[in-house]
Every structure is written in structure tokens, then in C-alpha cells.
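To start, the structure itself, in C-alpha cells.
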Amino acid sequence: MKKLDQVYEGKAKKVFKTDDANLLIVDYKDDATAFNGVKKGTIIGKGAINNRMTNHFMRLLEQAGVPTHYVEELTDRETLVKNVKIIPLEVIVRNIAAGSFSKRFGVKEGTVFRKPTLEFSYKNDELGDPMINDSQIYAIDLAKPSELALIREYALRINEFLKSTLFECGITLVDFKLEFGKTSDGVIILADEISPDTCRFWDAKTGEKLDKDRFRQDLGNVEGAYQEMSRRIFGK
Ligand code: UDP
């Protein structure tokens, strides 16, 4: 598989064309941003950890019946994925209050929900990724009702799966963000990443934060948290 021109550079990943129009190569960077790009930094080793962790979860999710964009891990930072049109929605699932939920609704961080919550943001940096509801999603044609129903079902299934997998590693899954894409045949599949950049992971015993909140909130030992998550999942 030949790595051709770069098609896109995001905050944490670069995307390249290949000699197959249906496949792309994602290249994970160590760059970190927060607060819509206002805070910038580097988390050494992050790219390799996020690549490996995302691929691990995507392979398991495929086996559990959730279609994903994952094709093949090429190097410690590069992965071959299916070329999809990203649906510009951030699909956020929460089990415990934190981050923008706590802020918006005045709910203490750590409050455990009786049932997971699901919310959507319109992926648009210029607008600051505003929250969006179902009828607004239909109004601006981001997805059809049947597509949104499928996305919702996948998101909740992914939550149950990740929650139990991580519980066995001594990790509490607080919340996370997913992105879905559409293949050229119109099939909706999971895309983007599942990593400490896009999830909140807390140590199940101590409550210690083992995710990007260490960077966002200047808690220190950011690299250590990513490495610890890697150890919990892969051992050593
Ligand atoms: N998240 C993300 N990208 C975003 C916004 C949120 O990956 O642009 C993730 C974030 O890491 C957390 C979850 O989605 O695991 C919920 O984030 P929240 O809405 O609380 O926003 P934040 O506090 O990160 O601004």
C-alpha cells in the first residue's frame, strides 16, 4: 500500500491518500490541543499509544458486531482505514458527570447517572462545536432519522462494551466522543479514534484521571497517564 498525498491535517492526526481510492492512511501525532485549539502542547508518545489503543478497541468492536473503519495497523503510528465521508457530529456518551456536562447543568463532577446519556454536537470549529438535537440534525441534513437511530444504537452498544472491557482493567469509563462515517455505498461505520484524547478514564479505585483532562487542567504527569492506560490495556 503506497502512502500518497496528504489530504487532511487535523489537531491530532494527519490523513493520507493511498493508491486505493477506498483506503486512507491515518498518522497519529503527539500534538495535543484543548479548548477548541486555544491550548496547544505535545504529549510525547501519545500518537503511538492512541494508534494502538484505537485499533485494539476497533478490532474488538468489529468482533462484537459494530462496523468500523479499521483495516490494518501499518506502523506504531500509522493505520490503514476505510475512506469514509465523516458525518459532522460528535456523538457523546456519558456514564458519569464531568466536563461540559457538569459545567452546563451545574452537576457535580463524579455524579453517576442511572442510565447513560447521549448527546450530539455539530462538528464545526468556527461555531465552537455547538450542541445539536435530533430535529436540528434533520433540519440541516446531517443525518436521516434512520441513520441517527443506527448511530444511537451503535453508540450505546459501544458504551456497554467499552465499560465492561475497561472495568476488567480497573478503569471507570466516564464519558467519550465518537465519530461515524459513511462509505461510498452509504453504510454507516465507526471512524476516528477511541483513546485518552477522546474518552475520560478514571482509575476505578483511586479516581485518578488517566486521560487528556491531565493536559486540559494542567494536572501534571500527562505522559504518565497515557502510559498507564496503555499498561492497563496491554500489560507491561
Ligand atoms: N471530546 C472530544 N472532542 C471534543 C469534545 C469532547 O473527544 O471536541 C470528548 C472528551 O474527551 C470527553 C467527552 O468527549 O471524553 C465529553 O466531553 P465534554 O463535552 O465534557 O467536553 P470538554 O469538557 O472536553 O470540553
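Every read-out reported here was derived from the displayed coordinates using simple, explicitly stated rules and does not represent laboratory data. The structure displayed is predicted, hence computed values, not measured ones. Neighbour counts run over all protein chains shown; Cβ positions are idealised from the backbone, glycine included.
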Charges only on Cβ, +1 for Lys and Arg, -1 for Asp and Glu: so what's the dipole of the chain about the Cα centre, in debye to the nearest 20?
-> 560 debye
Which percent, to the nearest 5, of DSSP beta bridges fully inside the range 109-236 are antiparallel?
-> 100 percent
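Which whole-number percent gives the relative contact order of the range 1-111, counting Cα pairs below 8 Å spaced six or more residues apart? Could you put the intermediate results ahead of the total?
On the way: 163 pairs, mean separation 20.1, N = 111.
The value is 18 percent.
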Take the Cα gyration tensor of the range 29-73, multiply each eigenvalue by 5, square-root it, and list the three semi-axes largest first, rounded to whole angstrom.
-> 27, 12, 7
Taking only C-alpha pairs under 8 Å that are 6+ residues apart, what is the relative contact order of the chain in percent?
-> 17 percent
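For n ≥ 4 DSSP H runs only, could you compute -39500 (n - 2.57) per run for the chain, divide by its residues and tell me the 222 nm figure to the nearest 500? Don't jump to the answer; show the numbers that get you there.
Values: 6 runs with 71 residues, N = 236.
Taken over the chain, the calculation gives -9500 deg cm²/dmol.
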Just in the range 93-145: which trypsin sites (Lys or Arg not before Pro) are loop by DSSP and have at most 11 other Cβ atoms within 10 Å?
-> LYS108
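Among the helices of the chain (complete DSSP H runs), which have Cα atoms covering no less than 27 Å along the helix axis and a Kyte-Doolittle mean of at least -1.0?
Working: long enough: 145-167 (33 Å, 0.22).
Span-like helices here: 145-167.
Give a quick list of trypsin sites (Lys or Arg not before Pro) in the range 1-85 that DSSP marks as loop, anything other than H, G, I, E or B, with at most 13 other Cβ atoms within 10 Å.
When the trypsin sites (Lys or Arg not before Pro) of the range 1-85 are filtered for loop state and at most 13 Cβ neighbours within 10 Å, LYS2 remain.
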Give the distance, in whole Å, between the Cα centre of the range 66-94 and the Cα centre of the range 181-236.
-> 15 Å
Where a ≥ b ≥ c are root eigenvalues of the Cα gyration tensor, a/c under 1.5 meaning rounded, otherwise prolate if a/b exceeds b/c and oblate otherwise, the range 1-79 counts as oblate
Residue-ordered couplings for the range 73-85, obtained by feeding phi - 60° into the Karplus form 6.51 cos²θ - 1.76 cosθ + 1.60 and rounding to whole Hz (Gly and Pro as x), are 7, 9, 9, 5, 10, 10, 9, 7, 10, 6, 7, 10, 8
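With the Cα gyration tensor of the range 146-236 giving a ≥ b ≥ c as the square roots of its eigenvalues, does the rule (a/c under 1.5 for rounded; else a/b larger than b/c for prolate; else oblate) give rounded, prolate or oblate?
Working: a/c = 2.41, a/b = 1.95, b/c = 1.23.
Judged from the Cα gyration tensor, the range 146-236 comes out prolate (a/c at least 1.5, a/b above b/c).
Could you tell me whether the chain comes out rounded, prolate or oblate from its Cα gyration tensor? Rule is a ≥ b ≥ c as square roots of the eigenvalues, rounded for a/c under 1.5, then prolate if a/b exceeds b/c, otherwise oblate.
Numbers: a/c = 1.41, a/b = 1.11, b/c = 1.28.
Rounded is the answer for the chain, as its axis ratio a/c remains below 1.5.
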What is the order of SER184, SER121, SER100, fewest Cβ neighbours within 10 Å to most?
-> SER184, SER100, SER121
Distance from the Cα centre of the range 1-18 to that of the range 113-144, in angstrom?
-> 27 Å
